[in-house]
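J.: Sharing a structure below in structure tokens format, with a few things to ask.
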Amino acid sequence: MNLLAVERIKLFTTRSPWWCALITVALSVGFAAILAGATQPDDSLTVSATQFGGTQFGIAVIMVLAALAVTTEYRFNTIRTTFQAVPHRSPALVAKATVVALLSLVIGEISAFGAWGLASVMRPHDNLALHTGQDWANVAGLGVVFAFSAVLAVAIGIMIRHSAGAIALLLIYTLAVESLVTLIPKIGNHIHQWMPFNVANKFLVGASSDQNGPPPSDSPLSPGWALAYFAGVAIVFLLIALGVAKKRDA
């Protein structure tokens, strides 16, 4: 608990989490407002469409937040003080990942329900009520995906240690790499089915193919197993990062 309190204090005494949180909420709610305003009166906005901003851009911002939570400590050498106080290193890094994940979870829920709530107000005649489990996953599940995305980004930050490199890698991967994989002849589509964020998208949108919402996932997993798979990928990367952190100098 002491380590969690320390990491919470370190995280909230910097500006980047506040700015990233504000940007994430603004993107999520802003895109929901744009889609609600641009949808024709005779068309109907769907629940998954209200989450377009969060799933397409909010996740990238959250990963930047998580990476900076680690790399700024290496930049200013405060990580050395942490490792002197916690020589085994892993508990301190796990505590950091936990705090960042919890913050990301909260930001994700605020963003998702804010976007859905605004769209519901702007489109009162559309069927935006959360009737099914998949409807709830569309909205409430965004915070869960944010949390595991943050754990993955913390792991990358631990391994790379430099802000620019970690952020560049994360942004390029989330915004481009998974889509470009499908261009590989013969095996591209098969690889894409198991790419982490494509699988996470299966949890969020299920088998939906809403043209106004996030793109559908071609993962063969069910939504529940898709979340488990994504969580497993994040945890595996964190375990690898902990092993790397133990073997090199701070």
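The values are calculated or read from the model by the stated rules, or taken from the named source; none is laboratory data. The shown structure was predicted, so the numbers you read here are calculated from the model rather than taken from an experiment. Heads up, the Cβs are rebuilt from the backbone with ideal geometry, glycines too, and the neighbour counts pull from every protein chain shown. When the accessible area is computed, the model is the full protein with side chains, heavy atoms only, and any ligands, DNA or RNA have been set aside. Shrake-Rupley method; radii C 1.70, N 1.55, O 1.52, S 1.80 Å.
J.: I'm trying to understand the selection: among the residues of segment 6-47, which are small (Gly, Ala, Ser) and over 23 Å from the mean Cα position of the chain (by Cα)?
T.: Ala36, Gly37, Ala38, Ser44
J.: Could I ask something else about it? Looking only at segment 48-82, how many residues end up being within 26 Å of Lys246 (Cβ to Cβ) and either crowded, with 16+ Cβ neighbours inside 10 Å or under 12 Å from the mean Cα position of the chain (by Cα) (or both)?
T.: In the first step, residues of segment 48-82 are kept if they are within 26 Å of Lys246 (Cβ to Cβ); the result is 63-82.
Those left that are additionally either crowded, with 16+ Cβ neighbours inside 10 Å or under 12 Å from the mean Cα position of the chain (by Cα) (or both): 63-74, 79, 82.
Count: 14.
J.: List the pairs whose first member sits in segment 221-250 and is within 26 Å of Tyr74 (Cβ to Cβ) and open to solvent by 40 Å² or more (accessible area, probe 1.4 Å), whose second member is in a helix (DSSP H, G or I) and of a type outside the set (A, V, I, L, M), and whose Cβ atoms are under 6 Å apart, counting only residues at least 6 apart or on separate chains?
T.: none
J.: Can you pull out the helices (runs of 4 or more DSSP H) entirely within segment 155-210 that have at least 1 residues that are farther than 21 Å from Phe237 by Cβ?
T.: On the way: elements: 163-172, 188-192, 196-205.
Fully inside segment 155-210 and qualifying: 188-192, 196-205.
J.: What's the number of the condition Ala95 fails, among (1) under 30 Å from Pro216 (Cβ atoms); (2) part of a helix (DSSP H, G or I)?
T.: (1)
J.: Let me ask you something else. Could you grab the pairs with beta carbons closer than 6 Å, sequence gap of 6+ or different chains, first residue in segment 37-48 and part of a helix (DSSP H, G or I), second one at pLDDT 85 or above?
T.: Ser48/Asn138; Ser48/Val205
J.: Kindly check whether there is at least one residue in segment 107-120 that is closer than 18 Å to Thr13 by Cα and either at pLDDT 95 or above or assigned to a helix (DSSP H, G or I) (or both).
T.: For segment 107-120, residues closer than 18 Å to Thr13 by Cα and either at pLDDT 95 or above or assigned to a helix (DSSP H, G or I) (or both): present.
J.: Next question. Can you tell me how many residues in segment 146-181 are free of Cβ contacts under 8 Å to residues at least 24 places away in the same chain and either among the hydrophobic types (A, V, I, L, M, F, W, C) or open to solvent by less than 50 Å² (accessible area, probe 1.4 Å) (or both)?
T.: 10
J.: So which residues in segment 223-250 are basic (Lys, Arg) and in a helix (DSSP H, G or I), if there are any at all? If you could, list the steps in order and put the result at the bottom.
T.: Within segment 223-250, the first condition is being basic (Lys, Arg), and the residues that meet it are 246-248.
Correct list: Lys246, Lys247.
J.: Can you find even one residue in segment 91-110 that is of a type in the set (Ser, Thr, Tyr), open to solvent by less than 10 Å² (accessible area, probe 1.4 Å) and in contact (Cβ under 8 Å) with a residue 24 or more places away in the chain?
T.: Step one: filter segment 91-110 for residues of a type in the set (Ser, Thr, Tyr), giving 98, 104.
Then drop every residue that is not open to solvent by less than 10 Å² (accessible area, probe 1.4 Å), which leaves 104.
Keeping just the survivors that are in contact (Cβ under 8 Å) with a residue 24 or more places away in the chain gives 104.
Yes - at least one qualifying residue is present in segment 91-110.
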